[in-house]
Structures are given as C-alpha cells and as structure tokens.
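Some notes on the structure that comes next.
The values are calculated or read from the model by the stated rules, or taken from the named source; none is laboratory data. Quick caveat, the model's predicted, so the values are computed rather than measured. Heads up, the Cβs are rebuilt from the backbone with ideal geometry, glycines too, and the neighbour counts pull from every protein chain shown. SASA here: full protein model, heavy atoms, side chains in, ligands and nucleic acids out. Shrake-Rupley method; radii C 1.70, N 1.55, O 1.52, S 1.80 Å.
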Amino acid sequence: KEDDEDIEKVKVEYFDLSLLKYVTKVLVNENGAEKVIETGNVGDEKDIIPHVQINKKNIDKTVVKFVYSIKITNEGQIEGEATEITDYVPEGLVFMAEDNEHWKDEGNNIISTRQLTGSTLKPGESAEVEVVLRWINSGDNLGPKTNVAEISEDFNEENVPDKDSTPDNKVNEEDDIDDATVLLSVNQ
C-alpha cells in the first residue's frame, strides 16, 4: 500500500524437446529375395521387439537391415530445434553411408545427422528422421542388439536450456535419449 514497493509478474516459459526411437521395419534379403517386415511400431508401450530368424544355411547370403525412426517432439512452450541427433551403433550392427543419405559417420560406432536443423518445432509439434543399420553377417553375431539415439544439440531463439535434459550427456533417465532393441536368431 506504500509507493516504495511495486510488483511485476513475469510468466516464464520452458523449453523441452523429447526423443523416441523405434524400429519401423526390417528388410531381409536372402539369396536375392527381399522380404519387408513392417513392425507396426509407433513409439509407444505397444511396440514389439522385432525378432529376425536367419536360415542357418544362408547366413553368408543374407542381408538384414533395420529401419529405425527417431521422433523429436516439442513438449515445451518455446519453439525450438533438435539441430543435431547422435546415434550410438551397437556392436553387431553397422552403419553404411549408402543406406543413410543424411547421416555422417563420426567414427567409433557413432553417427550423427543435422537433418532437422532449420526445422523449428512449435509446442506440440513433432518431426522424424530415419536411420538404417545393417546386421554384420555371422553365426556368432546373434541375440539382442540395442541401438541408442540422443539429441546432441538443440536450439531456441530465447537461448533457454531444456527443462529436463542436457544434450549430448548420455544420461538414460532424460527424455532426449531413447533406445530400440532388435533380436536375431538362427533357425535350423
């Protein structure tokens, strides 16, 4: 009630990008005959782990490609971008440049893309990128393979840090990192 005091209310908006990774399809080429397996995965709790059974007699003549979708969603109140996404290729799978036009091999089984740079996401909007990894043919290279992707660089005009994630820190509890598992086995 005195004139030496004043109150100014400020609304603080937050920045929050999340990442989801899931396998959308598997391409199996055995002796030149290609089979496409659609997983039906969309990045929710109903997603399945794709299981590929390889004919033991044709291991050396089989090429298996896993198509992963990486979905970035703006869960915040500030427009922003995932300017770089990094993918950590698991042992047993390999990155091939000819399968991935927008990805760059960084070495040490790390790949990255800047495909979404310039694609500003408004609150509630999403954008997706794909990455294809190949199975390294071997009867000893079976079992589960878990592939991880993370937002490694983000941007917003207000220069506000993400409210619950730090880019490129490999902390699994954050929402800017996710994984997708595939399973390979041999049938007799």
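Those residues that are touching a Phe, Trp or Tyr at 6+ places or on another chain (Cβ under 6 Å) and of a type in the set (Asp, Glu), I need them from segment 129-188; list them, please.
Matches in segment 129-188: Asp162 only.
Looking for something part of a loop (DSSP other than H, G, I, E, B), out of contact with any helix residue (DSSP H, G or I) (no Cβ under 9 Å at 6 or more places or on another chain), closer than 21 Å to Gly80 by Cβ and among the acidic types (Asp, Glu) - is there at least one such residue anywhere in segment 132-142?
Looking through segment 132-142, none of the residues is part of a loop (DSSP other than H, G, I, E, B), out of contact with any helix residue (DSSP H, G or I) (no Cβ under 9 Å at 6 or more places or on another chain), closer than 21 Å to Gly80 by Cβ and among the acidic types (Asp, Glu).
Any chance you could count how many residues in segment 141-159 are surrounded by fewer than 17 Cβ atoms within 10 Å (Cβ to Cβ) and farther than 30 Å from Leu184 by Cα?
Residues flagged as surrounded by fewer than 17 Cβ atoms within 10 Å (Cβ to Cβ) and farther than 30 Å from Leu184 by Cα within segment 141-159 amount to 4.
Does any residue of segment 2-15 turn out to be of a type in the set (Phe, Trp, Tyr) and within 18 Å of Lys145 (Cβ to Cβ)?
No, segment 2-15 contains no residue that is of a type in the set (Phe, Trp, Tyr) and within 18 Å of Lys145 (Cβ to Cβ).
Can you confirm whether segment 124-140 contains a residue that is over 30 Å from Val52 (Cβ atoms), open to solvent by 20 Å² or more (accessible area, probe 1.4 Å) and not basic (Lys, Arg)?
Yes, the conditions are met somewhere in segment 124-140.
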